[in-house]
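J.: Below is the structure I would like to discuss, written out as structure tokens.
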Amino acid sequence: MAPRYIVAPLKDKDPKNLTSVTQMYTSTTTYRTCKRDALAKMQLLLNLIHKEKYMCWTKNRDKSDVVADIFWTHPDYVKLLNMVHLVLIFDWTYKTNRYQMPPLDIVGVMQQS
């Protein structure tokens, strides 16, 4: 739940509550930072991918540790891809937050025989 929606019910329950929206955003940011430890965002992403047992492929820039490309997927999607592999359509959606759509939509099409 967004912090801006948390403050109003708190103030309704306790009119003496002086919590502001800014304090809520600061506390959630602090919590996320503590949860992340000292990991960079990319390290956190890769840790979560491996922790949740997703399949992941990365491509580094020439002779460096800088990640140039990354692709991850749930293992069940790989099984599905192996069953329906005749036609594969990738739909990359731009501005995913604005349109409430996933960043990548994969559609498999089977040929009728």
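Here, each number is a calculation from the coordinates, and none is a lab measurement. All values derive from a computational prediction rather than experimental measurement. Heads up, the Cβs are rebuilt from the backbone with ideal geometry, glycines too, and the neighbour counts pull from every protein chain shown.
J.: Jot down the per residue volume, in cubic angstrom and as a whole number, of the convex hull over the alpha-carbon atoms of the range 31-77.
T.: Value for the range 31-77: 83 Å³ per residue.
J.: Gain in length, LEU45 to MET1, computed as 0.36 nm per residue apart minus the alpha-carbon separation, to one decimal in nm?
T.: Taking LEU45 through MET1 to full extension adds about 13.7 nm, to one decimal.
J.: Something else about it: Out of the range 1-81, which trypsin sites (Lys or Arg not before Pro) are coil in DSSP terms and have no more than 15 other C-beta atoms within 10 Å?
T.: Values: sites: ARG4, LYS11, LYS13, LYS16, ARG32, LYS35, ARG36, LYS41, LYS51, LYS53, LYS59, ARG61, LYS63, LYS79; in loops: LYS16, LYS53, ARG61, LYS63.
Loop-located and lightly packed - LYS16, LYS53, ARG61, LYS63.
J.: Throw me the Rg/Rh for the range 1-45, computed over C-alpha atoms with Kirkwood Rh, two decimals.
T.: Here Rg/Rh amounts to 1.16.
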